[in-house]
Amino acid sequence: MLLLILPAWAGETRAASWFEAYERAQRHLVKGRHEKAEAALHEALDLRARPGCRLRTYGIKYRDYLPHYYLGTCQQAQGRFEEARASFERSLAEGVIESCTATQLQLLDLNQRLEDLDLLARLAGAEAPAVPSDEDLSTLRRLAVEAGAENTDELGRADAARERHAGGDADAAAEARRLYLLALSRARVEGPLLALLRSDAEAALAQVELAARGLSELPARFRTRLVTLRDASTTMSSAEAYLQVEREATDLRSMLDDHGRSRRVAQARLRRAAAESEVMVSLVEQLLESASERPKVTALRSEVQALRRLKQAASSERDQAEVVTRAERLRARLLRLSDAPVQAAAASRPSSDLPPGVLVLQWSQGLAAVPGPVLELSEDGP
């Protein structure tokens, strides 16, 4: 018989990067899923062993990376106090948690945890009595409340188990101890982690606001999403809410950046089309002035004036292309009606070998220079 042993993270997709595993661990932590969080942290450590401050993850997102601090949290919550102590002491020895300005809550919490570990080992460790005393349960409850676990579901369930123990249920005391320890561990991690997640969400939203202000005109679909995101940010209070706001803000920022790049490229193309149409209209106007005063030539003057008005009203790349098309037709008609020497001189279009920044028109009377923009197009725009 073949015995298949699956790892703790089986059933979850293995992360492609350390920060994906790390963020998944934090989500498990705030929900009290310490075994899954521990597995995700080991996965993150396999992908990146060194901690760090403000490490870039993706896009505009930066993250303080403290895997051993959270690993100790998971181990403490599961009653493995010696392992928790080793993880906490390693986190301190690495020096990162002291140097990251955003992790001061974690640093204060870590020092408190180290002070509490001996007491917790006595009350709930491997050597603790199978049935805790009422005094031990009171001490665990006090630690949980001091950590901020008051009014939590775990504390309420622990109190109920303690009442059942007082009523004669011998097994309820161990259950109360487990729940008090769980309430303590969640409270210890939830406060600093929620503060960090809120900071991330607010930073992502600020980046979106900055990107939106950088656009001359914000499309309605983006404006609606931004308003919705602002409303959500005013009511967020849970880890899931912070993570949701951050994800949506990061996505919206990416879309705004893409829109801005596309808009800059479109504007560059429009300026290039406008420069080309200006050259063609100027060519037709000067060709008209150079032609002899003949009735058919004079009759075209109103059409050339209409072409200029069309050029002045052109506001899109398509409009500019229409101007060029009409100018080409008028130019051809003027060439047929003009004197032969003028035809020969004016027939050539502006040369593509000219120096950048200047478009030149060549006439029988000489040269006329029309300034043209120098445009460099790349995937990021001009």
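We did not get these values from a lab; they are worked out from the coordinates using the rules stated. On a predicted model such as this, the values are computed, not experimentally measured, just so you know. Here the Cβ is made from the backbone with ideal geometry for all residues, glycine too, and neighbour counts use every protein chain on show.
The radius of gyration of the Cα set in segment 118-195, together with its Dmax, comes out at 12.2, 42 angstrom.
With viscosity 1.306 mPa s and temperature 10 °C, the Kirkwood radius over alpha carbon pairs of segment 17-97 converts through Stokes-Einstein to a diffusion coefficient of 127 µm²/s. Here segment 190-325 is treated as a Stokes sphere of Kirkwood radius computed over C-alpha pairs; at 4 °C and 1.567 mPa s its diffusion coefficient rounds to 69 µm²/s. D by Stokes-Einstein for segment 48-143, Kirkwood Rh over Cα pairs, 10 °C, 1.306 mPa s: 109 µm²/s. Spatial offset of segment 251-299 relative to segment 86-155 amounts to 70 Å, using the alpha carbon center of each. Close amide H partners of LEU55, meaning residues 5 or more places away or on another chain with modelled amide H under 5 Å apart, are ARG63, ASP64, TYR65. Sorted ascending by nearby beta carbons within 10 Å, beginning with the fewest, TYR62, TYR69 become TYR62, TYR69.
Distance between the pseudo-spin-label points of SER290 and GLU82 (7 Å out from Cα toward the beta carbon): 9.8 nm. The alpha carbons of segment 256-320 give a radius of gyration and a Dmax of 16.3, 57 Å, in that order. Ranked for footprinting exposure by Cβ neighbours inside 10 Å, fewest first, LEU205, LEU119 give LEU119, LEU205.
Positive contributions from Lys and Arg (+1) and negative ones from Asp and Glu (-1), summed over other residues with Cβ under 11 Å from the Cβ of LEU179, come out at +2.
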